[in-house]
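Trainee: Here's a structure for you.
The values are calculated or read from the model by the stated rules, or taken from the named source; none is laboratory data. Just so you know, these numbers come straight off a predicted model, no measurement behind them. Note: ideal-geometry Cβ built from the backbone for every residue, glycine included; neighbour counts use all protein chains shown.
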Amino acid sequence: MSILPIRLRRLSASTTAFLAVLALSAAGPAVAATAPNTAGQSTASLRDTSTVSAQSLAQMVAGPKATVSNASVSSKDVQIGTVKGLPGDGNAITEGVALSTGSLIDPDPTADSDTDITRSAVLGPNDALDTTGDFGVTEDPAGLAKVAGTDVYDEAVLEFDVTATSSNIVLYYSLGSEEYAGATKGTPASWQSRGYKDPLSIQVNGTECAHVPGTQTAVSAASINDSSNADYYTANVSGHTPGRIPVEFNGYTSALPCQAATAPGQKVHVRVAIADAQDGQLDSTVLLRTQGLGFTDKPITDSCTAKAGTCDIPGADNGSSKSSNGKASTTPLGQGKPGVTDYSAASPTAGTKNTVAGLPLTGTQALLLGGIALLLLAGGGVALMLRRRRLAGLEAD
C-alpha cells in the first residue's frame with residue numbers, strides 16, 4: 001500500500017507539535033535518518049554569529065577590493081549564510097552566499113526553533129523531493145507578494161550598498177528549488193507550473209534585474225525549467241525520483257547575470273530577496289557567487305548557459321574579475337568534468353523510502369502516520385488547505 005504525501009498550507013504551532021509527537025510515537029525507533037550530507041559540502045548560517053554577518057556576506061559577494069556599507073538582512077537566522085563545495089563546473093555557482101526559504105543547515109534536534117525544518121535546503125544528496133523549512137513567517141519587507149501575485153511566506157532578504165567603479169554592475173546568481181518536482185501520470189505538470197513559483201527579486205537601485213537573459217521575464221522555476229529557457233536549466237529529478245547530482249535542489253539554473261547601468265564613484269544599492277509563494281512548503285534558494293559582483297565598462301552579451309557561454313565579468317577590478325572557474329566549459333552541468341562521476345542519469349537516492357516531512361518510513365509506519373493525519377482532519381479542529389502530491393513509484397507493502 002502506498003501513501004499520498006500532503007502539503008499543508010498552514011498549521012497552528014500547537015497542532016504541528018501534536019502531530020509531530022504522534023508521528024514520532026507511531027514511527028518509533030525504527031524511523032531511519034536521512035542520508036548523510038555529501039562529503040566536502042558545508043554551510044554556515046547567521047546563527048553562527050562569530051563568523052557570519054550581513055557585512056561579511058555582502059563583502060564575500062562584492063569581493064575584497066569593493067567598498068561595501070549598510071549591509072542588512074531580514075530572515076530567520078538559518079535562512080541566510082554561506083555554502084561551499086556544491087557540484088558543477090564554470091557554469092555553476094559552487095560556493096558563495098545563499099538565501100533560502102528553508103534552512104541552510106540541518107536542524108538541531110535539541111532546538112525548539114528547528115522543529116519545522118526537515119533538513120538542509122542546499123546540501124546534497126537530493127534526499128527527498130519535498131525538503132521544507134516552514135517558519136510561518138508572513139512579513140514581506142521586499143514586497144514579493146506583488147512579484148508573485150499571491151501571498152508569500154518565509155522571506156529572506158540581503159541588502160547593501162557598494163561603490164561603483166565602472167559604468168555597469170554585474171551580479172551572478174543561481175536559483176535552485178524543490179518546486180521542480182510534483183509531476184505525476186495524471187498530472188504531468190510540476191508544482192512550478194501550477195502557480196507555486198517562489199518569487200526571486202534582485203534589485204539595483206530599486207530596478208529589477210533578475211531576468212531571463214535577453215528578456216524582461218522574471219527568473220523563477222516557472223520561467224526557467226525543462227520546457228522554458230531550458231538552456232539555463234539543469235534537472236535533478238526524474239519523474240518521482242530524486243536525481244543523483246549531490247545537491248538538495250530538484251532543479252536549478254546556471255549562473256545568471258544581473259546587469260544594470262551605474263555611475264562610477266556613486267553608491268549602488270543592491271537588494272536580493274526570495275520567498276515561498278502560496279504556502280510555506282518546498283524550499284527555494286538563491287545562490288550568489290563568491291566575488292560574483294563586479295563593475296565593468298563591457299556589459300555581458302554572451303550569458304553563460306548550462307552548457308556554454310561566458311561566466312566572468314570582463315575588465316572588473318574589485319577582486320571579482322572572473323567566476324570561480326573563469327570561462328565556462330562546454331560540459332553540461334551535473335555531468336562534472338572528464339574523470340568526474342557522471343550525475344546526469346537520475347536514480348533513487350540510497351535509503352530513500354516513502355517520506356513524510358523528510359523522514360523515510362516503512363510501509364507500516366507510513367500507514368500509521370496517514371491514519372493519524374486522517375483522524376486529525378476528521379476531528380474538524382484543524383483548518384487545512386491541502387495540496388496533494390502523488391509520487392508514483394513509492395514503495396508499497
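Trainee: Restricting the first residue to the range 210-221 and requiring it to be within 9 Å of residue 258 (Cα to Cα), which pairs with a second residue that is of a type in the set (S, T, N, Q) and part of a loop (DSSP other than H, G, I, E, B) meet a Cβ separation below 8 Å and a spacing of at least six or different chains?
Mentor: Note: pairs meeting the criteria are 211/217.
Trainee: Which of the residues that make up the range 118-142 are more than 20 Å from residue 236 (Cβ to Cβ) and in contact (Cβ under 8 Å) with a residue 24 or more places away in the chain?
Mentor: Listed by number, the residues that qualify are 134, 135, 136, 137, 139, 140, 141, 142.
Trainee: Please work out which residue is farthest from the chain's Cα centre (by Cα), limiting yourself to the range 86-112 and to residues that are hydroxyl-bearing (Ser, Thr, Tyr) and in a loop (DSSP other than H, G, I, E, B).
Mentor: My answer is 110.
Trainee: Moving to a separate point now. Does the range 86-96 include one or more residues that are touching a helix residue (DSSP H, G or I) at 6+ places or on another chain (Cβ under 9 Å) and either within 23 Å of residue 199 (Cβ to Cβ) or among the aromatic types (Phe, Trp, Tyr) (or both)?
Mentor: We begin by selecting, within the range 86-96, every residue touching a helix residue (DSSP H, G or I) at 6+ places or on another chain (Cβ under 9 Å); these are 96.
If we keep only those that are either within 23 Å of residue 199 (Cβ to Cβ) or among the aromatic types (Phe, Trp, Tyr) (or both) too, we end up with 96.
Yes, because at least one residue in the range 86-96 is touching a helix residue (DSSP H, G or I) at 6+ places or on another chain (Cβ under 9 Å) and either within 23 Å of residue 199 (Cβ to Cβ) or among the aromatic types (Phe, Trp, Tyr) (or both).
Trainee: Count, please, the residues in the range 128-181 that happen to be at positive phi and in a loop (DSSP other than H, G, I, E, B).
Mentor: 3
Trainee: I would also like to ask the following. Output the strands (runs of 3 or more DSSP E) that fall wholly within the range 1-85 and possess 3 or more residues being modelled with pLDDT of 90 or more, or say none.
Mentor: Result: 42-45, 68-74, 80-84.
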